[in-house]
Amino acid sequence: MDTDQKLLTYGKIAWLWSNSELHKDWTVNLQAGFALPAISSGQFCIVEHNDFPVAYCSWAFFDKETEEKYILNPSQLPPDSWNCGDRLWFIDWISPFSARYTWTLRSQMAKRFPTEVARALRVKKGNSRGRVATFAGLGLTQQDSRTKKRRYFEDMVAGLTANPNRGDQFFLSGLGLDTQPDTEIS
């Protein structure tokens with residue numbers, strides 16, 4: 001991708017950020033920190049309708065240590081950590097206009113990563129607590145998806161529980177492994 005194409009792509013992403021209730025009040029520095037590594041590595045998807053950007057997703061592949069750091073402090077994601085492992089995370093998921101575009105983006109991600117289970121930090125505007133959501137590729141059977149999600153969840157919880165940088169303000173719920181993999185963060 002040449003420089004002009006990168007700038008055009010960044011403009012589309014910035015425009016989507018500015019129309020997202022969650023993202024529009026975040027700093028330009030934070031926006032650049034999340035968008036530029038995705039553009040540089042080609043780890044993004046922009047959905048367009050009539051040549052107009054309507055949805056966006058970026059992703060990274062973390063190792064276990066980077067995953068824990070990201071969960072504990074998602075605003076500190078160095079560019080060199082976007083491809084350090086095999087744990088797929090959706091970093092940004094922005095679809096401010098219609099559920100139709102959200103489903104289009106979800107479908108494209110499920111096709112792009114057919115045998116993967118991806119995770120994403122989800123938070124609502126004004127809420128200090130988020131959760132880890134999971135997404136399964138279209139090539140996984142329901143049983144394979146459940147097995148992968150469970151394994152990832154157990155591994156993530158074990159790592160976070162033992163992490164000395166977790167701090168007193170960090171809260172894990174759903175630790176009973178007989179419950180659904182839904183981890184709250186704050």
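Every number here is computed from the coordinates shown, using simple stated rules; none is lab data. Because the structure is a prediction, the values reported are computed rather than measured. Heads up, the Cβs are rebuilt from the backbone with ideal geometry, glycines too, and the neighbour counts pull from every protein chain shown.
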Would you work out which of Trp82, Leu105, Thr141 lies farthest towards the positive end of the dipole of the chain, given +1 charges on the beta-carbon of Lys and Arg and -1 on that of Asp and Glu, about the Cα centre? Thr141
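Roughly what percent of Cα-Cα pairs across the chain reach past 23 Å? Mind showing how you got there, number by number?
Details: 7414 of 17205 pairs.
Value for the chain: 43 percent of Cα pairs lie more than 23 Å apart.
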For a 27 Å ceiling on Cα separation, which of these pairs sit above it: Lys24/Lys149; Lys12/Lys124; Lys6/Lys111; Lys111/Lys148; Lys111/Lys149; Lys12/Lys148? Lys24/Lys149; Lys12/Lys148
By how many degrees, 0 to 90 and rounded to 10, does the Cα axis of helix 99-112 deviate from the longest principal axis of the chain? 70 degrees
How would you order 95-106, 2-13 from highest to lowest mean count of nearby Cβ atoms within 10 Å? 95-106, 2-13
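Which number do you get for Rg(Cα) / (2.2 N^0.38 Å) in the stretch 11-88? Could the numbers behind the result be given before it?
Numbers: Rg = 13.1 Å, N = 78, 2.2 N^0.38 = 11.5 Å.
Taking N as the residue count of the stretch 11-88, the ratio is 1.14.
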Between the stretch 106-130 and the stretch 13-61, how far is it from one alpha carbon centroid to the other, in angstrom? 14 Å
